[in-house]
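Read the structure below first, then the notes.
The values are calculated or read from the model by the stated rules, or taken from the named source; none is laboratory data. What you see is a predicted model; the values in this text were computed from it and never measured. Backbone-built Cβ (ideal geometry, glycine too); neighbour counts: all protein chains shown.
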Amino acid sequence: MSRRASRAGWVPNQHGAWAILILPVTLGMIARARSGGLPGWAWPLLGCWIVGYFAFFAAGLWLKAPRSRRAAYRRPLLTYGVVSAAFGLVALAWQGGGLLWWVVPFAPLVATTAWLTSRRRDRDLLSGVMTVTASTLMLPVMRFSTPAAAWHAVGTRDALVTVLVWAYFIGTVLYVKTMIRERGHRPWWVASLCWHAAWLVAAVAITRAGPGSGWWIATFAVALARAAALPWAGASRGRRISPRQIGVAEIGVVGLVMVAALA
């Protein structure tokens, strides 16, 4: 049933995307609640974001399909699109309209991803970077409401957490590629290791400087270890790990990210 619903555009089948979708927006909501209370508009905005992802999935299938088959995805696209827009309008009206300024940074990210998808390049590294960046932006959206308020927070702990969450998820994109599409390709494996190692060093430096948490060192150390060992072990033993298994195995690292961000 779920596979049939995925093929029809109703249920996303990208298991690893859920952590990228949920974690930043959740951290933003928690940070906002800690800083003085979570405003009511955050809940319809959360609904807009979650349902919007379903619409995004259906839109991807619609863009990649031949014109003769696009009608099959029109119903989920319109259904999710209308519901997501309704949630968004409620959030805008409730908040006062300042949220609309977030269209400025989001628009090029969404447009680039849509363009890549229309050319069946949605698995490119650039597409992954765009979607991760868009999802990570939900942390400051929930935390600060407007881009201007977020800009004034540059250099604060909130900004640091946003950057580190983004760095972790970009590393995850590289790691997943070494496990599936680029499995056994040494240059991708080396690039993944370099990214993870660089951010482990950055986490150590940030923690020693004071603003960071030692949990970030543990997070990037574990992320580096799995990025080094699992692709090598899988390739050397000729074993393939399914996307579902990779997603489930990543839950522990995502838990570390949440602990580090909230510590």
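Data for the structure
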| read-out | value |
| --- | --- |
| Single match in GLY212, GLY171 (criterion: crowded, with 20+ Cβ neighbours inside 10 Å and touching a His at 6+ places or on another chain (Cβ under 7 Å)) | GLY171 |
| Yes/no for THR146 being in contact (Cβ under 8 Å) with a residue 12 or more places away in the chain and among the hydroxyl-bearing types (Ser, Thr, Tyr) | yes |
| Meets criteria (hydrophobic (A, V, I, L, M, F, W, C), touching a His at 6+ places or on another chain (Cβ under 9 Å) and at pLDDT 90 or above) for LEU256 | no |
| Restricting the stretch 73-128 to residues that are among the hydroxyl-bearing types (Ser, Thr, Tyr) and either farther than 21 Å from THR146 by Cα or not assigned by TED's automatic domain parsing to the domain that holds ALA148 (or both), the residue that is nearest to the chain's Cα centre (by Cα) | SER127 |
| Selected residue (criterion: farthest from ARG143 (Cα to Cα)) from residues of the stretch 31-42 that are surrounded by fewer than 17 Cβ atoms within 10 Å (Cβ to Cβ) and in contact (Cβ under 8 Å) with a residue 12 or more places away in the chain | GLY40 |
| Any hit, the stretch 185-202, residues being touching a residue at least 40 places away in the same chain (Cβ under 8 Å), surrounded by fewer than 21 Cβ atoms within 10 Å (Cβ to Cβ) and not small (Gly, Ala, Ser) | no |
| Some residue of the stretch 242-249 being in the same structural domain as THR172 (by TED's automatic domain parsing), of a type in the set (Val, Ile, Thr) and at pLDDT below 95 | yes |
| Residue count for the stretch 116-131, restricted to those that are surrounded by 13 or more Cβ atoms within 10 Å (Cβ to Cβ) and farther than 19 Å from VAL173 by Cα | 1 |
| Count - residues of the stretch 151-168 that are hydrophobic (A, V, I, L, M, F, W, C) and buried (at least 21 other Cβ atoms within 10 Å of the Cβ) | 4 |
